[in-house]
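A short reminder: the numbers here are calculations on the coordinates, not readings from a lab. This is a predicted model, so every value here is computed, not measured. When we count neighbours, we look across all protein chains shown, and the Cβ atoms used for this are built from the backbone with ideal geometry, even at glycine.
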Amino acid sequence: MNNVRVGFCLCGSYCTFSKVIPIIEQLVKEGAEVTPIMSENAYSTDTRFGKASEHIDRIESICKREIISTIAKAEPIGPKKLLDIIIIEPCTGNTLGKLANGICDTCVTMATKAHLRNNRPVLIAVSTNDGLSTSSKNIGALQNAKNIYFVPFRQDDPHFKQNSLVADFEKTIISMHNALEGRQIQPVIL
Ligand SMILES: Cc1cc2nc3c(=O)[nH]c(=O)nc-3n(C[C@H](O)[C@H](O)[C@H](O)COP(=O)(O)O)c2cc1C
């Protein structure tokens, strides 16, 4: 995958960072040029899953690039045609709702909007406890939208969190190759 230019956007599903950051590492090892992007919340919030500064240092050292974390820094992605694909992983219920409704008030939604104007693919890896409730309609709307693809997902804890969905992050790279060729990898529901 030499020279595929990937914009990798992390949103505030902090519990998944330990699984998602190794996927960024894998992309870089396989030759992708990864531009890291973090939502303002992901970039600035310390949680029980780690300090923001620790995540930032780790991601920047893997990608050898500064993280984009403001709307102003994300905006040139469109006009300068900087990326071949955007991966939003993890994608929160909050960001799903914004993307499905044309709201652009974070660096992740700005990067995505800017990139979509170039008719290029966006790959979403969901992680949200309301995936089968409030966010369900937003996932449906995005599945029906041009140039949007999903990493296959499943219920992560059907007995204790009935509405929770999470992507199979291990399928990110194969999903990306499919999306770059205009295909949704199947099955999308695991
Ligand atoms: C510790 C912690 C874990 C969270 N995990 C999730 C999650 O897995 N999925 C989700 O949709 N929101 C989760 N949230 C809520 C989001 O961080 C919140 O909706 C935020 O506004 C998301 O902003 P963003 O989409 O711009 O990153 C979590 C919040 C905290 C503090």
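Mean separation of Cα pairs under 8 Å and 6+ residues apart, divided by the residue count of the chain: what relative contact order is that in percent?
Normalised by residue count, the contact order of the chain is 20 percent.
Given the pairs 19/98; 98/146; 51/98; 98/137, which span a C-alpha to C-alpha distance of over 19 angstrom in this model?
19/98; 51/98
May I ask you to derive the FRET efficiency for residue 141 and residue 26 from their Cβ-Cβ distance with R0 = 30 Å, giving the value to the nearest 0.05?
Calculated value: 0.50.
Looking only at region 27-55, which residues have a backbone nitrogen under 18 Å from a spot 7 Å from the Cα of residue 190 in the C-beta direction?
So the set is 27.
What is the distance, in nm, between label points placed 7 Å from the Cα along the Cα-to-Cβ direction at residue 19 and at residue 53?
The answer from the label model is 2.9 nm.
Sum -39500 (n - 2.57) across every DSSP H segment of at least 4 residues in the chain, then divide by the residue count to get the 222 nm mean residue ellipticity, nearest 500.
Estimated from H runs of four or more residues: -10000 deg cm²/dmol.
Checking the a/c ratio against 1.5 first, then a/b against b/c, what shape does the Cα gyration tensor give for region 5-180?
The shape class here is rounded.
Could you work out how much longer the chain between residue 2 and residue 157 gets when fully extended? Use 0.36 nm per residue separation minus the Cα distance between them, nm to one decimal.
That works out to 52.1 nm of additional length.
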